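A short write-up of the structure that comes next.
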Amino acid sequence: MYIDIIFVILLIVAVLFYFRRFSSFVYLMCSIDILYRLLHFISDNVPVKELSSLIDKYIPTSLLGMFGNYVGTENIIFLIIKWAIFILYCIFLFYIIRILVRRK
């Protein structure tokens, strides 16, 4: 099913139309990835079988895992996406550090 990729694309489009800033895109992508990782942490550490099976079935492990499901993990497109997500996280780290420094 393509519901996860459609959901992410719709969120990206909505954020870009509403906020129209690159930083909003960075915050959105990193927030989605962190949300996916937190949900899988809950799935792995909460002993509720129904919740774990629901999360494992419908929610990808991360953005990189979601893209890997659709493009495969052994080609150049996945390598480009992997480095793009790495750069996105570096930009996100820069934004977070900048916010912390400004509060000083």
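Side notes on the structure shown:
- Matching entry among 76, 97 (being surrounded by 10 or more Cβ atoms within 10 Å (Cβ to Cβ) and of a type in the set (A, V, I, L, M, F, W, C)): 97
- Residue selected from region 1-26 under the condition more than 28 Å from residue 57 (Cβ to Cβ) and in contact (Cβ under 8 Å) with a residue 24 or more places away in the chain, by the criterion surrounded by the fewest Cβ atoms within 10 Å (Cβ to Cβ): 23
- Considering region 35-53, the residues that are within 20 Å of residue 8 (Cβ to Cβ), touching a Ser or Thr at 6+ places or on another chain (Cβ under 8 Å) and not small (Gly, Ala, Ser) include one that is surrounded by the fewest Cβ atoms within 10 Å (Cβ to Cβ), namely 37.
- Matching residues, region 61-91, being assigned to a loop (DSSP other than H, G, I, E, B) and either modelled with pLDDT of 85 or more or more than 17 Å from residue 4 (Cα to Cα) (or both): 61, 62, 73, 74, 75
- Residues that are assigned to a helix (DSSP H, G or I), of a type outside the set (Lys, Arg) and within 14 Å of the chain's Cα centre (by Cα), drawn from region 28-60: 28, 29, 30, 31, 32, 33, 34, 35, 36, 38, 39, 40
- Of the residues 34, 55, the single one that is free of Cβ contacts under 8 Å to residues at least 24 places away in the same chain, hydrophobic (A, V, I, L, M, F, W, C) and touching a His at 6+ places or on another chain (Cβ under 7 Å) is 55.
The values are calculated or read from the model by the stated rules, or taken from the named source; none is laboratory data. Everything numeric here is computed off the predicted structure, so don't read it as measured data. In this analysis, Cβ positions are derived from the backbone assuming ideal geometry, glycine residues included, and neighbour counts consider all displayed protein chains.
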